[in-house]
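Here is the structure we will look at, set down as structure tokens.
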Amino acid sequence: MNTKLLVVIISLLICGCSRSKDLSKSNIGKKIPSKNEIVLEETQDQTSEMKMSAHTKIFIQKLNNAINKSELFLPSEKFINEYNLQKIEDEYHIGGMLKVQENINEKEISDLGVKIGTKAGNIWTVRIPILQMEKIIILSGIEYIQIDEPLKLR
């Protein structure tokens with residue numbers, strides 16, 4: 001029994017050593033990033049992934065596809081119903097919630113046409129003009145965006 005364990009450990013060590021040699025060969029001649037560069041890349045990746053819900057990402061993809069098909073975008077009745085869009089001041093808005101940081105610039109959000117509703121600490125209810133979604137996503141001070149999801153009866 002001890003010899004089997006010893007064989008497994010030696011095999012793992014051999015595989016690990018040969019794998020580390022392969023990895024070191026792939027980095028020959030390449031600049032090794034500093035710790036700050038690695039953290040920055042990870043932060044940028046996390047920001048784009050964590051800043052919005054999956055439902056919000058799907059909405060933006062569908063919106064972009066619809067906009068790309070037409071120069072003058074007007075959402076279809078199906079799109080309006082699917083996302084419960086409301087027309088406010090000649091623009092279609094979608095409801096949602098924002099998780100904001102203390103340094104949030106409320107005027108910057110309002111200037112994009114966002115209607116701010118209830119503020120419960122750092123969670124705000126909002127109505128976002130759908131054509132401003134991409135700009136809202138990149139604003140500093142917003143930690144997370146969740147658009148409203150319609151309830152469905154089973």
Using θ = phi - 60° and the Karplus form 6.51 cos²θ - 1.76 cosθ + 1.60, what ³J(HN,Hα) does each residue of segment 127-143 get, whole Hz, x for Gly and Pro? 10, 9, x, 4, 7, 10, 3, 4, 6, 5, 4, 8, 5, 6, x, 9, 8
Please report Leu112, Leu74, Leu85 as a ranked list, fewest other C-beta atoms within 10 angstrom at the top and most at the bottom. Leu74, Leu112, Leu85
For segment 49-147, the percent of all C-alpha pairs falling in each 5 Å bin, from 0 up to the bin holding the max distance, is 2, 13, 25, 26, 18, 10, 4, 1
Magnitude of the Cβ-charge dipole of segment 49-147, K/R +1 and D/E -1, about the Cα centre, nearest 20 debye? 240
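Laboratory data are not the source of any read-out in this text; all were calculated from the coordinates shown. Worth saying up front: this structure is predicted, and the values here are computed from it rather than measured. Quick reminder, even Gly has a Cβ in these numbers, built from the backbone with ideal geometry, and neighbours come from all protein chains shown.
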